[in-house]
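Here's the structure we're looking at; comments come further down.
What follows is calculated from the coordinates using simple rules that are stated; it is not laboratory data. As the structure is a prediction and not an experimental result, all values here were calculated from the model. Because the Cβ atoms are built from the backbone with ideal geometry, glycine has one as well, and the counts that use them run over all protein chains shown.
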Amino acid sequence: GFSAAQCENLLNEAMLRALREDREEILMDDLEHIANRILSGHQSKESQFSEDTIDKIATHELGHALVGWFSKDHPKLVKVCLNLWSPKSPGFTLFDTKDEDSNIYTKQGLFSHLMVLLAGRIAEEVYFGHSVTTGARQDFEEAYNLAKNMIMLYGMGKQKIYPDSSDASKHVIDLEVNQLILH
C-alpha cells in the first residue's frame with residue numbers, strides 16, 4: 001500500500017542499512033525493518049518499557065489481530081508489529097486496506113471494525129485483569145467516532161435519528177452510541 005515515493009524511500013533506506021552493516025545485498029529483514037519505521041515512525045533511541053508493559057502491548061495488539069482474523073467482514077490481517085523505536089505507537093496491527101477507497105460500507109463491516117478497535121483493551125482486561133494500559137486511548141476515540149457516525153450519519157441504530165441541537169436529541173444519540181459500543 002505504499003506510494004511510489006514511499007517505495008523509493010523504502011529501497012533507499014534499506015540499501016543504507018545494508019551498507020552500514022557492511023553488506024552488498026538488501027535482505028528481506030532490511031525491507032521489513034524500514035517498512036515498520038515508515039508505518040509507525042522512528043526515534044533515535046529505543047523506548048524503555050518494562051517486560052510487563054511490553055507483554056501488555058503485545059497482548060493488546062494480538063487482541064486486535066485475533067478479532068480481525070475471525071471477523072468475516074473485516075479486511076485481511078497483514079501483520080502485527082512491536083516497534084519500540086516508534087515515538088508514538090510501540091505496537092500496531094495492520095490490515096489490508098485496499099477497499100478503503102470505497103465510501104460504501106455495510107453495517108456488519110463497520111460493526112466488525114468497531115469490534116477490532118475495542119478488542120485490544122478487551123484482550124488486556126481478559127489477560128491482565130484491572131492492570132490495563134493507556135494504549136487504547138486512540139482506539140477508544142476512533143471507536144466512539146465510528147459508532148457516532150453509524151448512528152447519526154448512516155442511520156444504523158435501533159431508531160432512526162434526525163439530529164438537531166436539542167438536549168433530547170443529544171440524549172437519544174448518546175444512548176444509541178453507548179448501546180452500540182457496549183454491544
- Between ASN149 and LYS72, the FRET efficiency computed from the C-beta separation at R0 = 25 Å comes out, to the nearest 0.05, as 0.70
- Query: Assuming R0 = 30 Å, what is the FRET efficiency of GLU51 and ILE161, from their Cβ-Cβ distance, to the nearest 0.05?
  - Reply: 0.05
- For GLY91, enumerate residues with amide H under 5 Å from its amide H, sequence gap 5+ or separate chain, H modeled in the peptide plane. ASN83
- Taking the Cα centre of the range 45-183 as the origin and placing charges on Cβ (Lys, Arg +1; Asp, Glu -1), which of SER86, LEU66, VAL172 is farthest toward the positive end of the dipole? VAL172
- To two decimal places, what compactness ratio does the range 49-91 give when its Cα radius of gyration is scaled by 2.2 N^0.38 Å? 1.28
- Using label points projected 7 Å from each Cα along Cα→Cβ, tell me how many nm separate THR97 and SER3, to one decimal. 1.3 nm
- Task: Indicate the gyration tensor shape class of the range 1-83 (rounded, prolate or oblate), computed on the Cα atoms with a ≥ b ≥ c the square roots of the eigenvalues: a/c under 1.5 is rounded; otherwise a/b larger than b/c is prolate and the rest oblate.
- Result: oblate
- Note on the structure: With a ≥ b ≥ c from the Cα gyration tensor eigenvalues, square-rooted, and the rule rounded for a/c under 1.5, otherwise prolate when a/b > b/c and oblate otherwise, the chain is prolate
- Query: Given R₀ = 35 Å, FRET efficiency for LEU82-VAL172 by Cβ-Cβ distance, to 0.05?
  - Reply: 0.25
- Task: Give, rounded to the nearest 20 debye, the magnitude of the charge dipole that the chain has about its Cα centre when Lys and Arg contribute +1 at Cβ and Asp and Glu contribute -1 at Cβ.
- Result: 620 debye
- Message: Give me, ordered by chain and number, the residues 5 or more places off VAL78 or on other chains with an amide H under 5 Å from its own placed amide H.
- Response: LEU94, PHE95, ASP96
